[in-house]
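Q: Sending over a structure as C-alpha cells; questions will come in a sec.
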Ligand SMILES: N[C@@H](CCC(=O)N[C@@H](CS)C(=O)NCC(=O)O)C(=O)O
C-alpha cells in the first residue's frame, strides 16, 4: 500500500485511516508542485491528493479511499458489514460530510482566505447552508460518542476532519458536543501518528 501525501491537505484523512489499519505502508510525500505534474496526473487526472495505490493501481477521492481501507481490513472494525443498516448509516454520514458540509465550507474558505475583499453574500449563503448541517452533527453527538451506534468508523475520520476545518472557519463556535468529539478523535493514537507525518 502506498499513499501519495501532501502535508496540510485532505491526504491526512487517508493517512489517519492507514494508521487505524496499522499495517505497514509506503508514504510518498510530495510537494504541491509535484502533484500538478504529469507523473501524478497519471494517478489522479486533476493532479490532487490523496491518492493510494493498493497494488492494483491508483485510487483517488478521500472518502472512497478510507472506505476501501476499511473493507480491506474488516477485522479492524472501521466499517460495519456491507448490506447492514449500520453500513447504510456509514454511507449516509460520509456523503453528508462530503456534500452538505464540505461544499459550503469550501465556498466560505475560498472567500475568507483567498479573496480580497471577500464576497460577503457568498459567505452568508454558505453559512445559511452549512449551519443547519453542523447543527445536525452537534445534535447527533449529543446521543453518542461517534456517528455510528457501533462506535468509531471511517465516517468519523472524514467528519472529524470536516469539523476541524469548520472550526478554523469559526463555524462551530459554542458547539460543546463537536468540541468533545474532536478531543476524543485527537486522543486516538492513530490520529497522533498521522499528525506526526506533518499535518494537523
Ligand atoms: N474530493 C477530493 C478533493 C481532493 C482535493 O481537492 N485535494 C486538494 C488538497 S486538499 C488538492 O490536491 N488540490 C490540488 C489542486 O487543486 O490543484 C477528495 O476528497 O479527495
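Every number here is computed from the coordinates shown, using simple stated rules; none is lab data. Fair warning: this is a prediction, and the values are worked out from it, not measured in the lab. Here Cβ is always computed from backbone atoms with ideal geometry, including for glycine, and neighbour counts include all displayed protein chains.
Q: Just to be sure I understand, how many residues within segment 37-63 are within 11 Å of the ligand (Cβ to nearest atom) and surrounded by 14 or more Cβ atoms within 10 Å (Cβ to Cβ)?
A: 13
Q: Looking at 105, 90, 46, 94, which is the one that is touching a helix residue (DSSP H, G or I) at 6+ places or on another chain (Cβ under 9 Å) and farther than 20 Å from residue 165 by Cα?
A: On inspection, the qualifying residue turns out to be 90.
Q: How many residues does segment 70-108 hold that are surrounded by fewer than 17 Cβ atoms within 10 Å (Cβ to Cβ) and either under 30 Å from residue 118 (Cα atoms) or touching a strand residue (DSSP E or B) at 6+ places or on another chain (Cβ under 8 Å) (or both)?
A: So the count comes out to 6.
Q: Would you pick out the residues in segment 1-27 that are touching a strand residue (DSSP E or B) at 6+ places or on another chain (Cβ under 7 Å), more than 14 Å from the ligand (Cβ to nearest atom) and closer than 26 Å to residue 159 by Cβ?
A: Result: 1, 2, 18, 25, 27.
Q: Among the residues in segment 135-151, are any in a loop (DSSP other than H, G, I, E, B) and crowded, with 21+ Cβ neighbours inside 10 Å?
A: yes
Q: If a residue has to be assigned to a helix (DSSP H, G or I) and in contact (Cβ under 8 Å) with a residue 60 or more places away in the chain to count, how many in segment 165-188 make the cut?
A: Within segment 165-188, residues that are assigned to a helix (DSSP H, G or I) and in contact (Cβ under 8 Å) with a residue 60 or more places away in the chain number 2.
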